[in-house]
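I have placed the structure first, in the form of structure tokens, so that the comments after it can refer back to it.
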């Protein structure tokens, strides 16, 4: 069995300050094209949205065991909510292929929570370990 976990936390004010300083340039650095299409227009909701995506992507990089290197960056990971609001991790094809080298039939579980000053995310990758 293949099991990897990653967790990350961020102070929402930190994301807000970075957004105030860099504006849209910050958004295009940390959000995928899919996420940029659905970003909220209201400022408070936008900051919460970006904070959630930021920590979920950090937690995902940790769960993959690579961090942000070897071609992995924020734009190659999308966090998209399903019809019920549950977040799902979607990779660009080349990241998916990298993960398939380690495991088959994998499932990625993600949870994002906001609490006043902080946003936290947990990512778990479960699958069948490939024979080497």
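Just so you know, all these numbers are worked out from the coordinates, no wet-lab data involved. Predicted model only: the values in this text are computed from it and were never measured. Cβ: placed from backbone, ideal geometry, glycine included. Neighbour counts: every protein chain shown.
Odds and ends about this structure:
- Once C-alpha pairs closer than 8 Å and six or more residues apart are averaged by separation and normalised to the residue number of segment 2-129, the relative contact order reads 37 percent.
- Note on residue 13 and residue 68: the model spin-label points, each 7 Å out from Cα along the C-beta direction, lie 2.3 nm apart.
- The order of the peptides 3-13, 35-45 by mean Cβ neighbours within 10 Å, most packed first, is 3-13, 35-45.
- Range of Cα positions in segment 2-129 per principal axis (Å), largest first: 43, 27, 27
- Between 0 and 90°, nearest 10: helix 12-22 axis offset from the chain longest Cα axis: 70 degrees
- Simple spin-label estimate for residue 46 and residue 117 in nanometres, 7 Å along Cα-Cβ: 2.5 nm
- Over the chain: helical MRE at 222 nm, DSSP H runs n ≥ 4 each giving -39500 (n - 2.57), nearest 500: -12500 deg cm²/dmol
- Segment 25-40 and segment 55-87 have Cα centres lying 13 Å from one another.
- Between helix 43-64 and the chain: long-axis angle, C-alpha atoms, 0 to 90°, nearest 10: 20 degrees
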